[in-house]
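Remarks on the structure that follows.
Nothing in this text is a laboratory measurement; each read-out follows from the coordinates by a stated rule. Bear in mind the structure is a predicted one, so any value in this text is a computation, not a measurement. We place every Cβ from the backbone using ideal geometry, glycine too, and count neighbours over all the protein chains shown.
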């Protein structure tokens with residue numbers, strides 16, 4: 001991980017912690033801000049990936065995957081940004097689905113790291129905690145206020161884990 005990526009991830013982790021605290025303090029209205037920021041994040045990432053495809057990636061081997069990724073992320077952004085006027089229950093279900101996806105991706109990354117002999121314990125723990133948060137939200141689905149608080153705690157946890165993963169020492173491989 002380069003220094004710029006570390007700085008970006010630390011900023012994203014701090015933003016996650018701040019959003020989690022805001023969701024816990026203002027459980028009624030903070031989910032709109034979280035949905036808006038999540039949608040804007042998807043939109044910026046999707047459009048930058050599409051820009052990368054049209055400027056460079058289309059001439060590279062396997063470059064179409066960046067086109068597909070950009071289109072899918074832009075679609076997620078449009079869907080996410082359209083959820084601001086939807087009842088809170090549906091928004092909580094959408095956030096749970098995103099958290100499940102995040103947890104499963106972390107578990108798959110941990111299993112891949114274990115297969116190749118790398119560090120995998122922290123990623124596995126992070127993925128399992130994400131799935132546990134989703135189960136707690138599904139159990140309390142009838143009361144969206146509690147789900148928003150649980151999701152806020154999950155955001156704080158994910159932000160802390162993102163910052164901790166940036167501060168870990170990484171191995172460098174030098175090729176002669």
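Helix 88-115 and the longest principal axis of the Cα set of the chain meet at an angle near 30°. Computed from Cα positions, the angle between helix 30-55 and the longest principal axis of the chain comes to roughly 20 degrees. Look at the alpha carbon pairs under 8 Å that are at least 6 residues apart: their mean separation over the length of the chain gives a relative contact order of 34 percent. Checking (1) 22.4, 80; (2) 17.6, 60; (3) 16.1, 51 against the coordinates, the calculated Rg and Dmax of the Cα atoms in Å falls under label (2). Rounded to the nearest 500, the 222 nm mean residue ellipticity of the chain from helices alone is -27500 deg cm²/dmol, with -39,500 (n - 2.57) taken per DSSP H run of at least 4 residues.
If R0 equals 30 Å, the separation of the Cβ atoms of residue 168 and residue 45 corresponds to a calculated FRET efficiency of about 0.80. Roughly how many Å is it from the Cα centre of segment 72-147 to that of segment 45-70, as a whole number? Value for the Cα centre distance between the two parts: 25 Å. For the chain, a Gaussian network of Cα nodes joined below 10 Å ranks 23, 56, 161 by mean-square fluctuation, and the top entry is 56. If you fit an axis through the alpha-carbon atoms of helix 144-167 and take the longest principal axis of the Cα set of the chain, what angle between them do you get, 0 to 90°, nearest 10? In the chain, helix 144-167 runs at an angle near 20 degrees to the longest axis. Of 117, 70, 154, which has the largest mean-square fluctuation in a 10 Å C-alpha GNM of the chain? So, out of 117, 70, 154, the one fluctuating most is 117. Applying 1/(1 + (r/R0)^6) with r as the Cβ-Cβ distance of residue 60 and residue 18 and R0 = 41 angstrom yields a FRET efficiency of 0.65. Projected label points at residue 3 and residue 93, each 7 Å from Cα along the beta carbon direction, are separated by 4.8 nanometres.
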